[in-house]
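Presented below is the structure to which this report refers.
The values are calculated or read from the model by the stated rules, or taken from the named source; none is laboratory data. All figures in this text were calculated on a predicted structure; none of them were measured in a lab. In this analysis, Cβ positions are derived from the backbone assuming ideal geometry, glycine residues included, and neighbour counts consider all displayed protein chains.
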Amino acid sequence: MVVNMIIMAMVAHELQPSNQTIYHVGSSTRNSMRYIDFKRFNYQYFTEKPWINKDGNAVKVGKVTIFNNMASFRRYMNVRYLVFLKGLEFANKAFCHSFQDMYVDTKRKFNLVMRLIELDRPYLFFSAVFDDTNAERLRRNIQNKDTETETFFLDPKDINWEDYFMNVHIPGLVKHIFK
């Protein structure tokens with residue numbers, strides 16, 4: 001759909017000077033992708049087709065917890081993991097560092113997760129609206145010129161999110177990223 005929009009914009013602006021118009025292909029107002037559906041698609045896909053890790057074991061999936069802000073995420077991590085980590089640190093010291101490897105490994109994993117979340121923070125709680133008015137105007141202009149726009153699949157209302165994620169996006173991630 002993105003490539004099709006680029007082609008149509010090139011055709012529409014073929015004989016015009018440089019154009020600074022931004023064309024949002026997706027829309028926050030028309031057939032937007034809802035996060036709750038994204039969660040459901042992932043859970044459904046990996047429940048039906050479990051991902052096998054490098055050790056040959058199926059990775060068990062669970063329901064994902066959604067946080068509204070960074071404070072609620074930190075609170076969850078502190079209660080769920082940091083309390084255990086502090087207890088492990090105390091036990092490690094009390095028992096002459098008998099749990100040193102476990103403590104260091106667990107602390108490293110906890111710190112890694114927290115660092116990754118901080119890096120992704122601007123995107124995790126991103127709140128914006130994407131307006132496809134320019135793209136819609138381009139679609140209408142092209143339709144008015146009797147161009148066969150249906151073959152270019154340009155309307156975000158036509159996106160079947162479930163089909164896309166279940167048959168294209170997630171399988172592509174599994175094949176090319178989860179190695």
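I'd like to check something: does the stretch 65-88 contain any residue that is in contact with a strand residue (DSSP E or B) (Cβ under 9 Å, 6 or more places away or on another chain) and not in a helix (DSSP H, G or I)? No: zero hits.
Being of a type in the set (A, V, I, L, M), touching a helix residue (DSSP H, G or I) at 6+ places or on another chain (Cβ under 8 Å) and either without any contact (Cβ under 8 Å) to a residue 40 or more places away in the chain or part of a loop (DSSP other than H, G, I, E, B) (or both) is true for just one of M8, M33. Which residue is that? Let's see the steps before the verdict.
On the way: M8 fails: either without any contact (Cβ under 8 Å) to a residue 40 or more places away in the chain or part of a loop (DSSP other than H, G, I, E, B) (or both).
Step by step, each of M8, M33 is checked, and only M33 is of a type in the set (A, V, I, L, M), touching a helix residue (DSSP H, G or I) at 6+ places or on another chain (Cβ under 8 Å) and either without any contact (Cβ under 8 Å) to a residue 40 or more places away in the chain or part of a loop (DSSP other than H, G, I, E, B) (or both).
Close contacts from the stretch 59-72, counting a first residue that is within 18 Å of Y123 (Cβ to Cβ) and a second that is at pLDDT 90 or above and among the polar types (S, T, N, Q), with Cβ to Cβ under 9 Å and a gap of 6+ residues or different chains, come to V64/N42. On the given criteria, is R40 among the basic types (K, R), modelled with pLDDT of 80 or more and surrounded by 11 or more Cβ atoms within 10 Å (Cβ to Cβ)? Spelling it out, R40 is indeed among the basic types (K, R), modelled with pLDDT of 80 or more and surrounded by 11 or more Cβ atoms within 10 Å (Cβ to Cβ). Within the stretch 164-179, the set of residues being assigned to a loop (DSSP other than H, G, I, E, B) and among the hydrophobic types (A, V, I, L, M, F, W, C) comprises I177, F178.
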